[in-house]
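**Student:** After the structure tokens below, expect a handful of questions from me.
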Amino acid sequence: MCEIITITSGKGGVGKTTTTANIGVGLAMRGNRVALIDTDTGLRNLDLLLGLENRIMYDLVDVTSGRVPYKKALVRHKRFDSLYLLPTSQIRDKSAVNPEQLVQLCNEMKSDFEFIIIDCPAGIEQGFKTAIAAADCAIVVTMPEIAAVRDADKIIGELGRADKENIKLIVNRIRAQMVEKGDMLDMADINEILSIECIGQVPDDEFVVTSTNKGEPAITMKDSLAGQAYKNIVGRICGESIPFLKPPKEGFFTRLKRLFGML
Amino acid sequence: MFDVLMKIFGNKSEKKSGQIAKERLQVVLIHDRASVSPEIMEQLKNDIIAVISKYMDVNKSGMEISLANDADSVALVANIPVHSLHHSRR
């Protein structure tokens, strides 16, 4: 049984590709056979986040146009050997792949994988429509920020119009200290506004930057809080019931230093 | 030093920016979800005035219409002050 999940957001820069990479690696770490399809044609990045940029021979457009079979275009991850990437083209644009082609490709791939994760481009145009066409489930990524939440709401509406009913939410880059001070939308606010099931609350974590620098998703790093949050998301995708992480409490001295402007 | 004192005692009267963000979002999303632009609201308002003026003498400048969120539904709320009812001529 294969589940096809599209990672989408509407707004750019909220962490769709980072989420895709981490969920993909996390599912593969649990022994699942996972295919990641990058549909952000023209702005290819998933390969970089996975450290696979030097191994690409063929791309999604080569496959959908019938030039090569998909197995030839898949790039196997160097560390997690049940994880595969189908990169997209860096020289073509979003119109190069249409929804029917992606549905057909996913149908072909279904028997070989437990999960197919599709990284969607930003926006609500053709690229978005292509990316969601085959999805059994859509994960909407947003940030506790007014524009990102508004765009998430828009995307949820678009998914509804496309008859996608299985929609989950991930809130990325939460800054616990700002939430505590009342200077950032909190989870209760976002849940109230968007009212879809939340499967992830990912803290803003410098590890995400350093791990991206190295091409190793944060989920592989033991000490990363964001990595831990991604592990929990993967567990929830696999049907486990896992409580949300509590934000780390600030120590007395950190609080005192902040008070006097030393932090 | 004043800033530090303000931080210690807290300035309670000022609304937190997170709360402001939430309220702004709630308003903008009502319109987004109904896909009603401010221009359409203005047209709707003028049409309602035109219809009601046939029957009643209304205070046009005092009229307000808006979309409001009620639990899980959206309602069109109109507040139309009436000066007097026109007497039926028929």
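**Student:** For the range A:138-148, which residues satisfy the criterion of being in a loop (DSSP other than H, G, I, E, B) and within 11 Å of chain B (Cβ to nearest Cβ)? Steps first, please.
**Tutor:** Going through the range A:138-148, the residues in a loop (DSSP other than H, G, I, E, B) turn out to be A:143-145.
Across the range A:138-148, the qualifying residues are A:144, A:145.
**Student:** Only one of these conditions is not met by residue A:135: (1) surrounded by 23 or more Cβ atoms within 10 Å (Cβ to Cβ); (2) within 14 Å of chain B (Cβ to nearest Cβ); (3) part of a loop (DSSP other than H, G, I, E, B). Which number is it?
**Tutor:** (2)
**Student:** Is it the case that some residue within the range A:118-127 is more than 14 Å from chain B (Cβ to nearest Cβ), over 16 Å from residue A:20 (Cβ atoms) and out of contact with any helix residue (DSSP H, G or I) (no Cβ under 6 Å at 6 or more places or on another chain)?
**Tutor:** Let us first name the residues in the range A:118-127 that are more than 14 Å from chain B (Cβ to nearest Cβ), namely A:118-123, A:125-127.
After this cut, where a residue has to be over 16 Å from residue A:20 (Cβ atoms) as well, the list is A:123, A:125-126.
Of the ones still in play, those that are also out of contact with any helix residue (DSSP H, G or I) (no Cβ under 6 Å at 6 or more places or on another chain) are A:123, A:125.
Yes, the range A:118-127 contains at least one residue that is more than 14 Å from chain B (Cβ to nearest Cβ), over 16 Å from residue A:20 (Cβ atoms) and out of contact with any helix residue (DSSP H, G or I) (no Cβ under 6 Å at 6 or more places or on another chain).
**Student:** If you don't mind, another one. Counting only residues that are in contact with a Leu (Cβ under 8 Å, 6 or more places away or on another chain) and at pLDDT 80 or above, give me the strands (runs of 3 or more DSSP E) lying completely in the range B:23-90 with at least 1 of them.
**Tutor:** Details: elements: B:56-58, B:64-70, B:73-79, B:82-85.
Per the criteria, B:56-58, B:64-70, B:73-79.
**Student:** How many residues are loosely packed, with under 14 Cβ neighbours inside 10 Å and assigned to a helix (DSSP H, G or I) when one looks only at the range A:86-98?
**Tutor:** Final tally of qualifying residues: 1.
**Student:** Of the residues that sit in the range A:188-199 and are away from chain B (no Cβ under 11 Å) and surrounded by 15 or more Cβ atoms within 10 Å (Cβ to Cβ), which one is farthest from residue A:149 (Cα to Cα)? Even if it seems obvious, please write down each step before you answer.
**Tutor:** So the first thing to find is which residues in the range A:188-199 are away from chain B (no Cβ under 11 Å), and the list is A:191, A:196-199.
Subset that is surrounded by 15 or more Cβ atoms within 10 Å (Cβ to Cβ): A:196, A:198-199.
Values: A:196: 12, A:198: 13, A:199: 16 Å.
Once the filter is applied, the top-ranked residue is A:199.
**Student:** Shifting gears a bit: Name the single residue that is surrounded by the most Cβ atoms within 10 Å (Cβ to Cβ) among those in the range A:200-223 being among the small types (Gly, Ala, Ser) and under 24 Å from residue A:53 (Cα atoms). It would help to see each step written out before you state the result.
**Tutor:** Keep residues of the range A:200-223 that are among the small types (Gly, Ala, Ser), which gives A:200, A:211, A:215, A:218.
Checking the rest, the ones that are also under 24 Å from residue A:53 (Cα atoms) come to A:211, A:215, A:218.
Details: A:211: 24, A:215: 16, A:218: 28.
Among those residues, the one meeting the criterion is A:218.
**Student:** Another question about this same structure. Being part of a loop (DSSP other than H, G, I, E, B), within 11 Å of another protein chain (Cβ to nearest Cβ) and either on the phi < 0 side of the Ramachandran plot or not polar (S, T, N, Q) (or both) narrows it down to one residue among A:163, A:183, A:151; which is it?
**Tutor:** Numbers: A:163 fails: within 11 Å of another protein chain (Cβ to nearest Cβ); A:151 fails: part of a loop (DSSP other than H, G, I, E, B).
None of the other options fit; the residue is A:183.
Yes/no matrix, rows are residues, columns are (1) farther than 23 Å from residue A:215 by Cβ; (2) over 22 Å from the mean Cα position of the chain (by Cα); (3) part of a helix (DSSP H, G or I); (4) not aliphatic (A, V, I, L, M):
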| residue | (1), (2), (3), (4) |
| --- | --- |
| A:53 | no, no, no, yes |
| A:56 | no, no, no, no |
| A:66 | yes, yes, no, yes |
| A:81 | no, no, no, yes |
| A:84 | no, no, no, yes |
| A:100 | yes, yes, yes, yes |
| A:105 | yes, no, yes, no |
| A:108 | yes, yes, yes, yes |
| A:111 | yes, yes, yes, yes |
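The values are calculated or read from the model by the stated rules, or taken from the named source; none is laboratory data. What you see is a predicted model, and the numbers here were worked out from it, not measured in a lab. Using ideal geometry, Cβ is built from the backbone for each residue, glycine included, and neighbour counts are taken over all protein chains shown.
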